[in-house]
Each structure stands twice: as C-alpha cells, then as structure tokens.
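Input: a single structure, listed below in structure tokens.
We did not get these values from a lab; they are worked out from the coordinates using the rules stated. Values in this document were obtained by computation on a predicted structure and should not be read as measured data. Here the Cβ is made from the backbone with ideal geometry for all residues, glycine too, and neighbour counts use every protein chain on show.
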Amino acid sequence: MQNDRPIDDPRLQEALYMIASICREADLAGAFMLVNEHESAYSYAMFTTWNIVSEDESLPLGFRFRVKSEEQGRDRAEQLVLGTGHMLHSLKDFGAQTQIWMGDLLANLAKAGLRFNHRPFNGRKLPRLTSEPPR
C-alpha cells in the first residue's frame with residue numbers, strides 16, 4: 001500500500017522503494033512516511049512470512065487477508081493470525097502516538113505564534129479501507 005497519487009520527486013519515490021525493499025528482505029512489517037520540502041509520501045510494508053496479508057493486485061489496495069488451516073495446519077494458521085493482530089495493533093498504536101505527539105508539537109508552535117496552513121492529502125478526503133476507491 002502506497003500513495004494513491006504520483007510523487008513528483010524521484011528521490012522520494014526511490015527512497016520509498018528502498019525502504020519497502022529492506023522490509024521485504026528483512027521480513028518486517030511497518031508504516032513509514034517520508035517528507036521533503038514540498039511533498040510527503042507514505043507506504044505500508046505488510047507482506048511478511050509471519051502474517052496473513054498476501055498480495056493481490058486485482059484489489060484496490062493490492063492485498064487481502066488469506067489463511068487456510070487445511071493448507072498451513074491449525075497451529076501455523078493460528079500463529080499467522082496472531083502475527084497479523086500484533087502487526088495491525090502495533091501500526092495502529094504508532095499512528096495514534098504520532099498523531100498525539102505531532103499535535104503537541106504543533107500546539108507548542110501555536111503558543112509561540114506560529115500557524116500553518118496545511119491541507120492533508122492535498123485537500124482530498126482521507127482514504128478508507130473499503131472496497132470503494134478513494135475519491
């Protein structure tokens with residue numbers, strides 16, 4: 001899962017690919033955002049051997065959850081499901097912590113009289129994880 005818009009800076013795009021590649025090579029999941037002077041880009045690395053996220057380019061987000069205890073065995077299927085829960089909760093916690101801390105830092109800057117005109121996602125509605133593509 002990556003940006004749903006083109007990234008103007010080729011260095012930013014290359015850096016996203018590099019980090020995603022490192023995650024795949026090291027069998028790690030993660031969420032990362034890179035920011036340069038003019039734009040930001042994000043990606044989620046979710047394909048690991050220890051969770052049930054599998055790639056499926058036919059879907060809008062490019063992945064699906066897949067586990068079959070008949071194929072993996074009951075114990076392995078349970079490990080994969082637990083790995084998925086751990087990953088999703090950890091990423092959710094990191095996002096919540098980031099939102100709180102960045103809000104605190106912006107509040108401190110506002111107390112010093114600094115204000116910013118920021119439009120998240122270039123003014124577009126935040127995308128949701130549904131079967132409908134973001135608008």
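Just a few scattered comments:
- Dipole magnitude of region 1-93 about its Cα centre (Cβ charges: Lys, Arg +1; Asp, Glu -1), debye to nearest 20: 320
- Relative pair counts by distance (%), Cα atoms of region 1-79, 10 Å bins: 17, 41, 29, 10, 4, 0
- Acute angle (nearest 10 degrees) that the helix 10-26 long axis makes with the longest principal axis of the chain, alpha-carbon atoms: 30
- Expressed per residue, the C-alpha convex hull volume of the chain stands at 131 Å³.
- Sorted by Cβ density within 10 Å, fewest first, the residues I100, I19: I100, I19
- Relative contact order, percent, region 10-114 [alpha-carbon distance under 8 Å, six or more residues apart]: 17
- Within the chain, helix-based [θ] at 222 nm, where runs of 4 or more DSSP H residues each add -39,500 (n - 2.57), nearest 500: -15000 deg cm²/dmol
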